[in-house]
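Reviewing the structure listed below.
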Amino acid sequence: MGGTGGVGIVILAAGAGTRMNSERPKVLHELAGAPLLHHAMRSAAALAPEQMVVVTGVGAHEVEKAARAFDPEVVTVHQAERLGTAHAVLQARELLGSHDGDVIVLYGDTPFVTSETLERMLEARAKADVVVLGFETADPEARYGRLVTQGDRLERIVEWKDADAATRAIRLCNSGVVCAEGTFLFDLLREVGNDNAAQEYYLTDIIEIAGRRGMNATVVRCDEAETLGINSRTELLAAEVAFQARARADALENGVSMQAPDTVFFSYDTFIGRDTVIEPNVVFGPGVTVESEARIRAFSHLEGCHVSRGAIVGPFARLRPGAELAEDVHVGNFVEIKAAQVGEGAKINHLTYIGDAEIGERTNVGAGTVTCNYDGVFKHRTVIGKNAFIGSDTMLVAPVTVGDGAITGSGSVITQDVAPGALALGRARQVEFAGFATKFFEKLRALKAATSKG
Ligand code: UD1
Ligand code: MG
C-alpha cells in the first residue's frame, strides 16, 4: 500500500482568518518565533516528502513568499474561491492527482501536529485505504466534525452543522488531517458535492464515498492539544502559552537551570545545553543554540546566535543574528553583538556595540567601544587579533584591522590598521594650563558676589 512514490503533502492555507481581525493572512501570524505555516511545514518536512504543495487564497503572495522562505522547493497553488476543504485539496490535483504514493492533507493553521503522529498515520495505511487523524474532545459542544466508527472502521464524518443530536454526542472528532494514496484521494474528491448545511465541498465526504466503493477507512488518535487550530488572537495566545509551558518543562528536564522559568521565552528551535543557567527575563528568538555550562544572565535577548560552553552573557545583553561566542567568552551589560565571531576567553563587558567583526582569543574590549560598521550605504568589517586590548571608548571605523597583542588608547578613533604589538592613539594630545582653574573660579565667584549685592 501507499504505492512506490514518496509522500506528498498538501497544506491548506487559503482561509481568511476573519477572527484574527488582521491585515495579515492568518497562517503568517507567529507562534514560538515562526509563522503558523512553518510549524505545519516543519512537521511535514520531517517525513522527507517528495513534494509539498501549499494551497493559498487570502494574501496569496505573502503566504507564497513565506512558504518559499521555509523551503524554496515548495509549490503553491491558488484557490481563488474558497468553496470548502475538498475544493481546496483539489487545487493540487495537477501536481498530486496521479501521485503514486501517499498524500497527507494538513492545515496551515494547526501548528502542533507532530511528525511522529504523521508517521503513525502512514503506518496505519497498511490496514486502511484512508486514514483520518481523530481526537476525543473535552468539550461536548465543540463544533468539530464527528467520526462515526464501527470498531476500527471509520464509516463517515458528519460535520457539526449537519449532525443530529445523537451524532453530536460522539466525542471522537475530526482533526482535518487525512492520508490516502494520491491517485485514489483525488479520484474520491471528484465525487464530492456540496449538498450540505454549509453548501461547501467537504473533504470529509470522501470517507462515505470510499465506503460505497468497498474501500475502508480508519482513525489514528492523538491528543486534542495536538490538533489545536488557531482562529483568533486569543487562541494564538493560548497556543503560545502551551508552547512555552512545554518548552520550559523540556529545558528543565534536559538539565537546564532556571529560577523563574515563567519569565523565560523560547522559540520553536531553541537549543540549550546541560547545566546551563538561564536567569529570569530572558528571551530567545529563533535560531539560538547555547552549549553546556553557560550562563545567560537576566534581561538578555538572543536570536540567531551561538553561545559556546562556559560563556557568560548579560545581564542586559543583546546577541543578534550571526553572533558566535567561543568558549568562556564574557559579554556584559548593555552590549550588542551582531554578525561577529568572538574568540575563546575574550571579554566585552560593558556598553559596547560589536557588528560585522572578528575578535581574537582573550582580547579585552573596553567599555563604550563601538565598531563603526556602517557608512550609510555599505557595511564594513572590523578584525581584531588575539590578546589585544581595546581601550575604553574606542571607535573602530571599519574597515579596519587591529593586530594581535595591540593596544588602542582610550577614547581613540581608529581609522587606520594597527600593527601587531603596537599602541595606537587616535585622539587629541592633552594640554595643560597651570593655575588656570583656580583663577577662573575666583573670577566667577567674585562676579556672583557683586551681582547678588546690587
Ligand atoms: C474542518 C473539518 C471538520 C474538522 C475541523 C477541524 C471539513 C468539511 N470539516 O472544519 O470536520 O473537525 O476542520 O478543525 O473539512 N480551507 C481552505 N480553503 C477552503 C476551506 C478551508 O484553504 O475553501 C482551509 C482553512 O483555511 C483551514 C482549513 O482549511 O485552515 C479548515 O477549514 P475550516 O473552514 O476551518 O473548516 P472547519 O469548518 O473548521
Ligand atoms: Mg476550522
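Where a number appears in this text, it was derived from the coordinates with a stated rule and is not lab data. Owing to the predicted nature of the structure, the values given are computational and were not obtained by experimental measurement. Ideal geometry is used to build each Cβ from the backbone, glycine not excepted, and the neighbour counts take in all protein chains shown.
Values computed for the structure shown
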read-out	value
In order through the range 405-419: 3J(HN,Hα) via Karplus (6.51 cos²θ - 1.76 cosθ + 1.60), integer Hz, x for Gly, Pro	x, 7, 10, 10, x, 4, x, 7, 9, 9, 10, 10, 4, 10, 6
Per DSSP, loop chymotrypsin sites (Phe, Trp or Tyr not before Pro) in the range 347-413 with at most 13 further Cβ within 10 Å	378
Long-range amide H partners of residue 352 with built H, under 5 Å	335, 336, 368
Ellipticity estimate at 222 nm from DSSP helix runs (n ≥ 4, -39,500 (n - 2.57)) divided over the chain, nearest 500	-6500 deg cm²/dmol
Other-chain or far-sequence residues with amide H under 5 Å of residue 156's (modelled H)	148
Distance violations [Cα-Cα > 29 Å] among 26/379; 347/379; 26/127; 338/386; 127/161	26/379; 26/127; 127/161
Computed label-point distance, nm, for sites residue 141 and residue 16 using a 7 Å Cα→Cβ extension	2.5 nm
Ranked packing of 321-328, 150-157, most packed first, by mean Cβ within 10 Å	321-328, 150-157
Alpha-carbon centroids, the range 73-110 and the range 170-185: separation in whole Å	14 Å
Net charge over other residues, Cβ less than 13 angstrom from the Cβ of residue 363 (K, R count +1; D, E count -1)	-2
Distance between modelled label sites at residue 80 and residue 191, nm, 7 Å Cα→Cβ extension	2.9 nm
Value of relative contact order over the chain, rounded to a whole percent, pairs C-alpha under 8 Å and six or more apart	9 percent
Sorted peptide list for 14-20, 284-290, criterion being average Cβ within 10 angstrom, highest first	284-290, 14-20
Among 425-435, 85-95, the order from most to least packed when residues are scored by Cβ within 10 Å on average	85-95, 425-435
Under 14 Å, Cβ to Cβ, from residue 194 - net charge with Lys/Arg +1 and Asp/Glu -1	-4
Overall form of the range 331-385 per C-alpha gyration tensor (a/c, 1.5; a/b vs b/c)	oblate
Net +/- balance of residues flanking residue 31 in space, Cβ distance below 11 Å, scoring K and R +1, D and E -1	-4
Fully extended contour minus Cα-Cα distance, from residue 427 to residue 277, at 0.36 nm per residue	49.9 nm
Cα gyration tensor shape for the range 8-227, rounded if a/c is under 1.5, else prolate or oblate	rounded
Prolate/oblate/rounded call for the chain, Cα gyration tensor, a/c under 1.5 rounded	prolate
